[in-house]
Amino acid sequence: MNRHLPVAVAVVLLLCSAALPVSAQEDGTPVSRLRALKAERLAARPQAAAVAAVAKTVVVDCTKGSTISAALDKNIGPLVVEVRGTCKENVRIERSDLTLRGADPSTDGIQGVTATSQPIAAVELNYANRIVLENLFVSDSPSGGVATWWSELVMRNCRIERNLGTGVHISAASGLEGTELVVSNNKTVGINSQRVSWVTCTGCRLENNTSGAATSRMGGFMTLWDTVVSGPGGIAAWDAGSYVDVDCVNVVSEYPCSINNTSGSVARAYGGGSTALWGVGAFTGLLTAPGGEVAVFGGQQTRPDNRANRINYFGRLTTGKAYDADGAQFGGPTRLAQTELDRFSHAVLDEQTELAENLVCRSGSDAWSDSAYPAAKVSSCANVPKAP
């Protein structure tokens, strides 16, 4: 799914990604509308500033009983902490200009511990800016992995695994810029963005997180660029103004990109939230939209069982074409498995969308297309009209 260019080129394009590449036909179509929404949210996020160039460096060797918390208490000002071994502690960060860096995320990192007043996560940030976690693991915590409030965080080459809570929780107008993260086997959600927070993750892997890979709530925003998503739950947006996507198109890199869920929904949208799949190619899993919008731009769906996609309670299903950075169509035409619209729901399908099975409409639902579908393909949505 990736477009092969050197990673250095990908970094340049990532920095320019607020001006997302568009096709030559920005004409008010659903794909243009969602692309504009995404560009607006990306442009509104503050740009992560670099940690101060002049910073003191200290080494914390947890194999010898040292702790990160003690190093933070003893050293003020810009600081780089070189972490060695497994630090069994909960780390609270209420300062700026800090880097926690390991040599290898398989050996260096933080394991949260049980406390009298248990924190939400093993690593918590409050009003902390220009914070970097690099080459570290945060794993096996009795609570979550990493959590932020009113903070900005950069994470590179980190593993957030096997925590009993959410792997990465970004909340309260916070931001996360992640690269090459592995977020796996956490007992609730892999990454959550909420309360007007934003997340970008490039070249990441979200695998086998129990309650879903990535969620957005209360106006949160998340885009997973060239990322592999697998396991239960997929991606989900929970209420109005919330958005989450898997985007295999708008950043050019060497990273693989795909999404699959062989046990249920791959993309869910509730109560005015929006989820989108951009150029993901073949994928397995259902589309679910009770009151929200699910969009597929260039993806071929295989359902995992005999259940159908369910768009209901004023929900919306949108399909269209995905375009790469050169304006060429990417990811092939959209292909949908069996889909049911219920309770005043709505589908808008582009002219290349293929229906593998009947499209069913009930209780005031309707479907529009750029061209009429054969009656055999639309079931009770017969005579799907051409969109005005």
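Brief remarks on what is shown
- Listed by chain and number, the aspartates and glutamates whose C-alpha is less than 16 Å from the C-alpha of residue 56, apart from same-chain residues fewer than 8 away, are 73, 82, 97.
- The range 57-155, dipole about Cα centre (Lys/Arg Cβ +1, Asp/Glu Cβ -1), debye to the nearest 20: 160
- Two-decimal ratio, the range 93-246, of alpha-carbon radius of gyration to 2.2 N^0.38 Å: 0.92
- Semi-axis lengths, largest first, of the ellipsoid equivalent to the range 242-374 are 23, 16, 14 Å, with √(5λ) applied to each eigenvalue of the Cα gyration tensor.
- Working note: Debye formula, equal point scatterers on the alpha-carbon atoms of the range 40-167, no solvent; log10 I(q)/I(0) at q = 0.19 Å⁻¹ is -1.05.
- Highest to lowest packing among 126-133, 172-179, scored as the average C-beta count within 10 Å: 172-179, 126-133
- The chain: calculated mean residue ellipticity at 222 nm from DSSP helix runs of at least 4, using -39500 (n - 2.57): -2500 deg cm²/dmol
- Dipole moment magnitude, nearest 20 debye, the chain about Cα centre, only Lys, Arg, Asp, Glu C-beta charged: 600
- Furthest towards positive pole of dipole, 103, 347, 93, structure part the chain, Cβ charges: 93
- Each of 252, 274, 319 was scored by the projection of its Cα onto the charge dipole of the chain, and the greatest displacement toward the positive side belongs to 274; charges sit on the C-beta of Lys, Arg, Asp and Glu.
- Cα gyration tensor shape for the range 157-248, rounded if a/c is under 1.5, else prolate or oblate: rounded
- Overall Cα dimensions of the chain - principal axes, largest extent first, Å: 73, 42, 29
- Straight-line cross-link partners of residue 321 among the aspartates and glutamates, defined as a Cα under 18 Å from its Cα and at least 8 positions apart when in the same chain: 26, 27, 226, 245, 247, 293, 350, 351, 354, 370.
- Neighbour-count order for 215, 57, 200, fewest beta carbons within 10 angstrom listed first: 57, 200, 215
- Sorting 140, 247, 366 by the number of Cβ atoms found within 10 Å of their own Cβ, with the fewest placed first, yields 366, 140, 247.
- Helix axis angle, 30-44 relative to the chain longest principal axis, alpha carbon, degrees: 20
- Size of charge dipole - the range 148-237 - debye, nearest 20, with Cβ of Lys, Arg +1 and Asp, Glu -1, no other charges: 240
- Calculated over the range 251-291: convex hull of Cα atoms, volume per residue (Å³): 76
- Across the range 201-216, coupling constants 3J(HN,Hα) worked out from phi with the 6.51/-1.76/1.60 Karplus curve, θ = phi - 60°, read 9, 10, x, 9, 10, 10, 9, 6, 7, 4, 9, x, 7, 8, 10, 9 Hz, and Gly and Pro carry x.
The numbers here are math on the coordinates, done by the rules we state, and not lab data. This is a predicted model, so every value here is computed, not measured. Cβ coordinates were reconstructed from backbone atoms using ideal geometry, including for glycine residues, and neighbour counts include every protein chain displayed.
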